[in-house]
1. Taking the Cα atoms of the range 12-78 alone, what are Rg (to one decimal) and Dmax (as a whole number) in Å?
2. Give the peptides 32-38, 44-50 in descending order of average Cβ contacts within 10 Å, highest first.
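Read the figures in this text as sums done on the coordinates, not as results from a lab. Worth saying up front: this structure is predicted, and the values here are computed from it rather than measured. We place every Cβ from the backbone using ideal geometry, glycine too, and count neighbours over all the protein chains shown.
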Amino acid sequence: ASKYLDTMLSSGMKEEAMGTIDFPDKDPEEWKLFYEFINPQNIREAKINGENVMTLLPWFHEFQMDGYVKECDKYLAENNSRVQKSFWKKEKRTNESEAGHQTRLEKRNEKFD
């Protein structure tokens with residue numbers, strides 16, 4: 001589970017009182033993907049793979065989900081070249097320029113610094 005989310009929902013913060021957490025700066029599609037990994041009804045079916053690892057890893061870091069971070073690291077170590085090709089193909093489908101893609105990747109990588 002997530003220490004971050006547990007704290008927000010159980011330490012007297014406004015999220016506990018409201019029963020919801022807002023993420024206004026997050027991409028809704030990425031949230032749906034991330035939610036598969038924290039929703040108890042889906043957790044056994046949610047799998048890290050080449051299509052989602054690069055999207056999920058920053059979320060797992062941010063929300064202190066160390067077990068999933070290790071799972072992503074292991075997946076990337078075993079499948080790095082395949083993941084890069086898959087990730088680039090997915091990004092190309094958005095008609096994003098290579099420069100735009102590189103800029104977005106750099107911003108995403110800054111989350112790890």
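1. Radius of gyration, then largest Cα-Cα span, for the range 12-78: 13.0, 43 Å.
2. In decreasing order of mean packing, 32-38, 44-50 become 32-38, 44-50.
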